[in-house]
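Chemist: What follows is a structure written as structure tokens; I'll ask about it next.
The values are calculated or read from the model by the stated rules, or taken from the named source; none is laboratory data. Everything numeric here is computed off the predicted structure, so don't read it as measured data. Positions of Cβ are generated from backbone atoms using ideal geometry, with glycine treated the same way; all protein chains shown enter the neighbour counts. Remember, those area values only see protein heavy atoms, side chains included, never the ligands or the DNA or RNA. Shrake-Rupley method; radii C 1.70, N 1.55, O 1.52, S 1.80 Å.
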Amino acid sequence: LAITLAQKYDVVLCPHCGYAALGRYFPHVTTKQAKLIKENISKKVRLHTYSGDTYSYEEALERYQLALANALVKQARTSEKAYICLKNAWLLRGYLQFLSEEKKLPENQLEPVRELEKANLKNAYKGLSEAVQSESYPICGMDEGTLDYLLAAVAMELGDYDGASKIVANILISPNMNPRIKDKARDLKDEIVQKKKEMKK
């Protein structure tokens, strides 16, 4: 939950022009991108007024939607758009826990949020997989081993155990991989094996 709480405040938003982005990307805007944002975001988006130092999950999710809209408008790299989706999925996971534990909502009301989390995970996995083929490292601040491990973990969460196994195998046979990542990959391999066993029962 600590990870998901951190996601709530990772989108930086200009309250005047509507430009929003993850903190690591916010300062890096070209003249062309600024023009696209001004024409397609600033003139068209009606901004929500935020008050106080904290905001709700609903407000945080709204900011993520705006960050993704900005990324699309400014023609951001595939990795940036995918990373927004990934962090949004993590935020939705925290929101699900909040709704379940604090609001005591029934399962049928939680399902739309769960589906949205899964959709964001799928988009993140697809986008980051494409970024590996077309972008140079570091990608989203991650080196090759870290990103490969992340992709394997997301693939497992999506139920793609074969895909996750292939990525883990590549990590384990790589001679230049960080030993810490290899240790985490071995643990993930054990989890994948266990999941496959459970599927056969």
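Chemist: In the full protein assembly as shown, how much of K189 is accessible to a 1.4 Å probe, in Å² to the nearest 10?
Modeler: Result for K189: roughly 100 Å² accessible.
Chemist: Hey, how many Å between the Cα centroid of region 172-190 and the Cα centroid of region 143-162?
Modeler: So the two Cα centres are separated by 12 Å.
Chemist: Mind listing which trypsin sites (Lys or Arg not before Pro) in region 48-114 are in a DSSP loop and have 14 or fewer other Cβ atoms within 10 Å?
Modeler: Listed in order of number, the matching sites are K103, K104.
Chemist: Separate question: May I ask for the Rg/Rh ratio of region 92-135, computed from Cα atoms with Rh as the Kirkwood radius, given to two decimals? Mind showing how you got there, number by number?
Modeler: Details: Rg = 14.2 Å, Rh = 11.7 Å.
Rg divided by Rh gives 1.21.
Chemist: Moving to a separate point now. Cα axis of helix 179-200 to longest principal axis of the chain: angle in degrees, 0 to 90, nearest 10?
Modeler: Rounded to the nearest ten degrees, it is 80.
Chemist: Round to a whole number: what % of the accessible area of the chain belongs to carbon and sulfur, probe 1.4 Å? Let's see the in-between values first.
Modeler: Details: 6070 of 11790 Å².
Roughly 51 percent, rounded to a whole number.
Chemist: In whole Hz, with x marking every Gly and Pro, tabulate ³J(HN,Hα) for region 141-154 from phi via Karplus 6.51 cos²θ - 1.76 cosθ + 1.60, θ = phi - 60°.
Modeler: x, 10, 7, 4, x, 5, 5, 4, 5, 4, 4, 5, 5, 5
Chemist: Then there is this: Heavy atoms only, 1.4 Å probe, whole protein assembly: order H28, H48 by accessible area, highest first.
Modeler: H28, H48
Chemist: Could you compute Rg(Cα) / (2.2 N^0.38 Å) for the chain, with N its residue count?
Modeler: My calculation over the Cα atoms of the chain gives 1.12.
Chemist: How large is the translational diffusion coefficient of region 128-186 in µm² per second when you combine the Kirkwood radius over alpha carbon pairs with Stokes-Einstein at 25 °C and 0.890 mPa s?
Modeler: After rounding, the answer is 213 µm²/s.
Chemist: Same structure again: Not counting the cut sites, what is the longest span of the chain without chymotrypsin sites (Phe, Trp or Tyr not before Pro) that DSSP labels loop and that have at most 16 other Cβ atoms within 10 Å?
Modeler: 56-201
Chemist: About the Cα centre of the chain, how large is the charge dipole given +1 on each Lys and Arg Cβ and -1 on each Asp and Glu Cβ? Please answer in debye to the nearest 20.
Modeler: Result for the chain is approximately 420 debye, rounded to the nearest 20.
Chemist: Still on this structure, please answer the following. Compute the acute angle (0 to 90°) between the alpha-carbon long axis of helix 57-73 and the principal axis of greatest extent of the alpha-carbon atoms of the chain; round to the nearest 10°.
Modeler: The two axes meet at around 90 degrees.
Chemist: Over the chain, give the accessible area per residue in Å² for a 1.4 Å probe, as an integer.
Modeler: On a per-residue basis, 59 Å².
Chemist: Please list 3J(HN,Hα) in residue order for region 12-17, calculated via the Karplus relation 6.51 cos²θ - 1.76 cosθ + 1.60 where θ = phi - 60°; whole Hz, with x for glycine and proline.
Modeler: Per residue, the Karplus-derived 3J(HN,Hα) values read 9, 10, 7, x, 9, 9 Hz.
Chemist: If I histogram all Cα-Cα distances within region 93-201 using bins 10 Å wide from 0, what percent of pairs lands in each bin?
Modeler: 13, 35, 32, 16, 3
Chemist: Next question. Take the alpha-carbon positions of region 24-136, form their convex hull, and give its projected area averaged over all directions (one quarter of the hull surface) in nm².
Modeler: Projected area, direction-averaged: 8.6 nm².
Chemist: Now a separate question. Could you pull out every residue, at least 5 positions away or on a different chain, whose amide H is within less than 5 Å of the one on A21? Hs are placed 1.01 Å off N in the peptide plane, and Pro or chain starts have none.
Modeler: V12
Chemist: Could you check how many percent of all C-alpha pairs in region 28-74 are farther apart than 17 Å?
Modeler: Beyond 17 Å sits 40 percent of the P(r) for region 28-74.
Chemist: I would also like to ask the following. Cα gyration tensor of region 1-64, axes a ≥ b ≥ c as square roots of the eigenvalues: rounded (a/c below 1.5), prolate (a/b > b/c) or oblate?
Modeler: Values: a/c = 2.75, a/b = 1.57, b/c = 1.75.
Note, shape of region 1-64 comes out oblate.
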